[in-house]
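In what follows, a single structure is set out as structure tokens and then discussed.
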Amino acid sequence: MLGPRGPGRRLLRGPALAVALLGAAALLCTQGAADAEGITSGSIQPRNFVELRSGRVGLRPAEDGVFPSSDAGSSATPRLFLVRFREGTVVALRDDLVRLGGAQILSFADPSTVLVYAAPAAVATYGSRHGALVAEYDANLKMSPEAVRVAEAAGQEMSRRRRRAAEVTSLEPAEEDSEEHLFSPGSPLHSVQGWRPNTAGSASFRLRSLFTSAGPDVSPPPLLGTAVQIVASVPHATLQELTSSMMSGLATALGRTEGASKDPCWPHARDEALHDSGSGFRWLHVYMCPEDMEPGLAWLAARHEVSWIKPLSRQEPHNAVAGWIIQSGGLTRDLNLNTTSRMRPYWQAGVMGNREIVGVTDTGVDLKLCTFYDDVIKPYIMVSPLVVPNATDLKSIRFPDHRKIVQYTMPATATFGDSVGHGTASAASVAGSTSLLGDAAFRNELSTGAAPMARLSVFQTVWNSGNLTYSVPTPPTQKILPFHTSAGARIGSDSWGNAGLAGTAYDDTASAYDAFAWRDPGWLSVVAAGNQGINVNLRSTVSSPANAKNTLAVGSSLAQVAPDINSYAVREQFVFLVNRSTAVPSPFHPYSGPTGAFAQWATRLSTLVPARVVDVVPANPVHACTALVGGNATFSGKVVLVNLAASAGATCTNTVRATNVAAVGGVAILFMRDSDELLPVSPQAPIAAFGKNTVFAFITQSQGQKLLNDTATFAPTPVQLYYFNDTRTSPVSQFGINAIADTSSYGPTADGRIKPDLVAPGTTCLTSTSERSGTSVSAAAAAGHLAMMRQYFRDGYYPEGSINGPSSANFTPSGMLLKAVAVAASTQLVNDLDLKYELNGNGTRFPVAKDSVNNVERLRISVKAGDTITFHITGARVTHSTLTVPDAQLPQRWAFVVVGQIRGILETTLNPSFVIPPKFQASGPVALGPPFMMQLGDGRCGRSINGSLTASTNCYLGADAIFRLTEMTSYGVQTTRIAPNTVDGNCIAVPTNGTHTSGMVLQQWACNTPGKDYAFLLEPTDTLGSGLFYIKSSQGKCWTTENGALTAGTRIALGDCAVQPLYQFRVTEYSSG
């Protein structure tokens, strides 16, 4: 209940917004058959079928002795089945299947249907005992729709290659190569990772693009990547043999007999992802030639241990005003014009990301840039990371003394540094700041990042500038995220995502990010939603891993309050309208065309009469491969919509189509693609007709179909394309900081969840390196502000905005709580928690409707002064313990946030501010940070006794055993002042203004005395996750006991640093909650 804290204190005034965030596990949603969607109700389903992404499956009653299997294999050989339990029988059925039948319960396909790996006899016997419905999870159900599309496209690509090979062999003119083929941007194969044998014919392979083809290409095609999900209960020894045995069997099935050294189409595999078994599934990455995709996928799907098959997605990067918008929630015109005229609110309060570390996964960082440059640790010292033990494909190096980069990790084969600038811009947006000694002027720099006192753990991905490929090591649960957390990061910034339409599916990458957050509740990944907003009328364009349930997906909003605010403002808009009505608007983004397409369309429409408006007319015939019927009377001066689908009735080159359109006076062409594969954003080859370049652009099949439908519905009134060179004149424009950028990917996800979770400025934002746009900038800015939010809670600013308030309570927030706070200010779930409220104890709970799809539930409540609100969070369905996988043994976690104009506090024992004893306002010359305990590695505790810091065996929590830490903002290195929580207000200091020497006993001097003798560096030891630090003076001497004494009461002094418990201190936050 949210109620008054004491007499006379009322509850609320004005509206409040409440958010409940449910921590969902990846294992609950997309493992094998759980890559399904369709059933969203939390109740048991009486139907005799289940809807999966791969199709509908009929279920039948289990019968003892009748094995639900289509093959003639042994009834004792385990395989996969779908089992639907009757209400009230799940526990008994599970126990019998697992204890008596040796089954593994792997995931939920819907609330009442589980995916089971068991012998057919066990499913028949125990399923019939408990009245279950069953079905074999056969090979066809294991094929994702994306895998089917890739296999079909691969077959078409091979046909194209054979035609070109025949043309080259016969010396006849080759077919026109300006036409986009299936490996070009926007095709299903473009978004798939691939491998190609090197020219020496060795078995080693290199990652490369699938679309680098210049001129006639008759070389062996690249191998296409497929992600194969395998049941984790397969014994580890078997898994180790699985790669070679599976590839050998696959090669035999494909008729490959010459071996890897001679046959460029010999199938290959990578098994790095086979070792993560927490979710119940492992992944094997298999590479095959395009011509082998269809039979190869069928052979893989027929294996009993295989549960799901999808394309192996290629990744792509998702490319000072932002700080004001995010920190204040608004932006005035004056501040938009002069953002440095006032201090930003968080920074003014002293919250700048102090002691926070953010993990940035991107193309690397340019360490020579002033926002990362360290005055002591020069960049040339940092460029030689060491190979990681037990992970020889990675290199890493740690810089605990560096003011910005605490750790830098990268693939062993990569070249150190950022060759493209994307990662540098993202990192600078998170925490960039200059290092002026003793100067806080960086706060007024336009290039200063969101959290200027935060530091970074950098994971450099692979960027190949030669063929523009971007690659992220897999699985992230082993290769990326643990490196960030080992360096102390608890927030991740990921400005990348999987490419193509296949990349918008909830896949192995999204599943891995969910699993990591499920296992580590302190972690939160902030991920760019993507820049695919130009793909209009699709169900979703948010890419993986942004579409994961436990990530915070960030879209892009505008960064100016008006179109005339600066020379970079977004002023222009294209939109399809009927009679200028807002009833059926459809935006148009002419980016998917030749170089300068946007400007070409703007210029062409501006020269028409009347200016900036033109009719849109479907071609007749729709394919435009022959002369258009109707001639100039129908098409002259109009934009012509051409259908590229083969089903339209004819095939020809786009040059032929453009010539036919130009012959009847068409001014521009809309090419309606033959599928809803995401549009290419890279420049397309120009198309000439009668010696002049054609103005054209590609649109999605869905948008093209909408234009065709609108044309038929509103005839004879035409659909028209409007060009507004000032968005303020558009009937559908909502310009300002709440407007979404046209390129920002949109949701919901394919299974109906709300994504992106929030938006942040991402249009023409200034970074330390350049002017950048896109959700990359948005996600990085959001991650930096979440670092400040984390400091806000850890330093005790909650709930009053001051660390000295009577109710101030410092605590370490979970990743879920940070996400809940962020969303508050802004398929199938296995576990379902409901959020409801009641006003003034009237017993009626609102809302009545249930939400069983989203793991973030939001309420906006209208209240009046004096109202009391009681919130109810109930487990409508908490069934994840039904599963037998390791992750299912973890508890269901959740977080809850209320924001608004509130008086009083949230009355629950889960709220640290509610359970702490009353506190008095602090006084004194120095405001210090949150309380900590300091304990030597040998177990003795630091205590302030008679003006000295001593090592005591008495570890009770008195004021002399609690210390406050305050960040220092000068000297070029992030250092800390340390003070005992005693009444004298003194700080720990080295008793000299000269050289620090071993044996010097630490003393306590007045905290308001300046100087480096008060500044200490907390350097993590090499024992990852131990919480142990070396505490170093400004001259590099370490705290230890005087003369190395082990007795109680020994004073703490300086010494030469050594890897021994006497030189290591565990600094534990003393949470008053």
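The values are calculated or read from the model by the stated rules, or taken from the named source; none is laboratory data. As the structure is a computational prediction, the values presented were derived from the model and not from experiment. Every residue, glycine among them, receives a Cβ derived from its backbone with ideal geometry; neighbour counts consider all protein chains shown. Side chains included, ligands, DNA and RNA excluded: accessible areas come from the protein's heavy atoms. Shrake-Rupley method; radii C 1.70, N 1.55, O 1.52, S 1.80 Å.
Just a few scattered comments:
- With the simple spin-label model, which puts each label point 7 Å out from Cα in the Cβ direction, the Val383 to Thr1068 separation comes to 4.4 nm.
- Charge sum, other residues only, whose C-beta stays under 11 Å from Leu608's C-beta, Lys/Arg counted +1 and Asp/Glu -1: +2
- Residues listed by number, the range 656-690, amide nitrogen under 18 Å from Ala627 label point at 7 Å toward C-beta: 656-666, 690
- Local net charge near Val228, Cβ-Cβ under 12 Å (Lys/Arg +1, Asp/Glu -1): +2
- Label point distance in nm, Ser419-Asn709, each placed 7 Å from Cα along Cα→Cβ: 4.6 nm
- Summarising the amide proton neighbourhood of Val192: residues at separation of 5 or more, or on other chains, whose placed amide H is nearer than 5 Å comprise Arg314.
- Computing FRET efficiency as 1/(1 + (r/R0)^6) for Arg99 and Arg604, where r is the C-beta to C-beta distance and R0 is 60 Å, gives about 0.25.
- In plain terms, the bigger the Kirkwood radius, the slower the diffusion; for the range 62-140, with that radius from Cα pairs, at 25 °C and 0.890 mPa s, Stokes-Einstein puts D at 204 µm²/s.
- Cα gyration tensor shape of the range 574-722, rounded if a/c is under 1.5, else prolate or oblate by comparing a/b with b/c: rounded
- Within the straight-line cut-off of under 17 Å between alpha carbons, the lysines reachable from Lys142 are Lys310, sequence neighbours fewer than 8 places apart in one chain being disregarded.
- Computed with a 1.4 Å probe over protein heavy atoms only, the accessible surface of the range 574-722 comes to 40 Å² per residue.
- 19 Å Cα-Cα reach of Lys864 towards lysines, excluding residues that sit fewer than 8 places from it in its own chain: Lys836
- Lysines with Cα under 27 Å of Lys1037, excluding same-chain neighbours fewer than 8 positions away: Lys378, Lys404, Lys1012
- Carbon and sulfur %, accessible surface of the range 574-722 computed with the full protein complex present, 1.4 Å: 56 percent
- Amide N proximity, the range 110-136 versus Ser75 label position 7 Å along Cα-to-Cβ, cut-off under 15 Å: 119-129
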